[in-house]
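Engineer: Here you go, one structure.
Bear in mind that the values in this text are calculations on the coordinates, not laboratory data. Everything numeric in this text was worked out from a predicted model, so none of it was measured. Cβ placement follows ideal geometry from the backbone for every residue including glycine, while neighbour counts extend to all protein chains displayed.
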Amino acid sequence: MSTTVYLIRHGERIDHIDPSWSCTASQPYDPPLSPGGIRQACRTGSHLATWHVTSPIRYIFSSPYTRCIETAEEILHALTTHPNREGKISTVPYVPAPSSSFLSKQSAQSPAPPSPSAPIFNIDNRLSEWMSSSYFSHPPYVSAHSSPYAAPPYPESYTQMASRFTDAFNEIVDLAFRQMLDEKGSIVIVTHGAGIKAILQNICGHDVEHVGCASITKLSKVGLSGWKVGMVCDESHLGRNPWDRREGYVAGPSSQASKSTTVWMNDLTSTSTPTSWGHGGFARRTLAMLG
C-alpha cells in the first residue's frame, strides 16, 4: 500500500495585501484568502489532481481557520472535477467531525472505505495556527466548525505547538491508513507554516527556513516508522506569475497596531456572521458537489 502525505500551507491571506482589512472585519483574527490566494489554491489542487489518478487522495484534513478551509475547498474541487479522475463524484456528504466515525479510535474496528473518486474532508482543531502571544492578543474565537478535539491552549509555546502538530500528524496518518486497509491512497493536510515546519523537524529531522503559501511538501512512509522526504515546500506548480507567487506582509493581531491607526483585539464572545470575504464553511459549489 502506498503511504503518502502531502502537507500544504494555505494560500495567501487577504491581510497580506491589505493590512487594513482586519480593522473592519467581524473576525479579524481569521482572514480568508486573497484573490491571489484563491488562484494559488486552484493551482495547487490542479497539480495534486495529476497525482490523484495514480495514487488517489482519500482524505483531506484542514485547520479550522478560514484560509485553510478555503484552500482545501479548491483542492477538493480540483480533485473531483479533474478530467482524468476515475469513477463519479462521491455522493457521501461531509459529516462534522464529532459525528464522524473516522476520527474515533473505534473506527479502526469497523472501517468504512472512502469513495475511490472523492476524498473525505475533515476539520481538525489540532492543525490550528500556533497560539503564540506575539501573534494573538487574546485567545482567538473559533466557532464555525466542529472537531472532537479542543482548541489549542493559549498562550502556547513553540514546544507545545510542535508537540501538538507531531501528535496530530501521527494519529491522523495511523487512523487514515487503517481506514484505507490495503488500498492505495494518499492524504492531504492543509495547515499553517509553523505546523509544517514542526512536522518536518520532529517527524523527519528536516529543518526548513521558509514555508511558502500554497507550497507542497511530500512525505512517503518507509518501513514502520520512517519517512522519506520527497519534496519540501515546493512552489514550482504556481508558475512564474508574480501575482500567483507573491507573499507580502503577514499580519497578526498583535502586530496590526503598527500598521494601522485602529487597534483591534480578538473577539472572544462574538456570534456575529463573519465578513463576506469568507464564512469559514463550505462554499456552495462544494456543498452541491458533495450532496
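Engineer: Provide the gained length on full extension for the span W51 to D234, in nm with one decimal, where the gain is 0.36 nm per separating residue minus the Cα-Cα distance.
Structural biologist: Here the answer is 64.4 nm.
Engineer: Tabulate in residue order the Karplus-calculated ³J(HN,Hα) for the stretch 219-233, using 6.51 cos²θ - 1.76 cosθ + 1.60 with θ = phi - 60°, rounded to whole Hz; enter x for Gly and Pro.
Structural biologist: Karplus-based 3J(HN,Hα) across the stretch 219-233 equals 10, 10, 6, 10, x, 8, 9, x, 9, 9, 8, x, 9, 10, 6 Hz.
Engineer: Further question on the same structure: Sorting D15, D124 on the 10 Å Cβ count, fewest up front, what's the list?
Structural biologist: Lowest count first: D124, D15.
Engineer: What does the highest-first list of 48-56, 68-76, 211-219 look like by mean Cβ count within 10 Å?
Structural biologist: Highest mean packing first, the order is 68-76, 211-219, 48-56.
Engineer: Rounded to a whole number, what is D in µm²/s for the stretch 1-60 from Stokes-Einstein with the Kirkwood radius over alpha-carbon pairs (10 °C, 1.306 mPa s)?
Structural biologist: Calculated translational D: 118 µm²/s.
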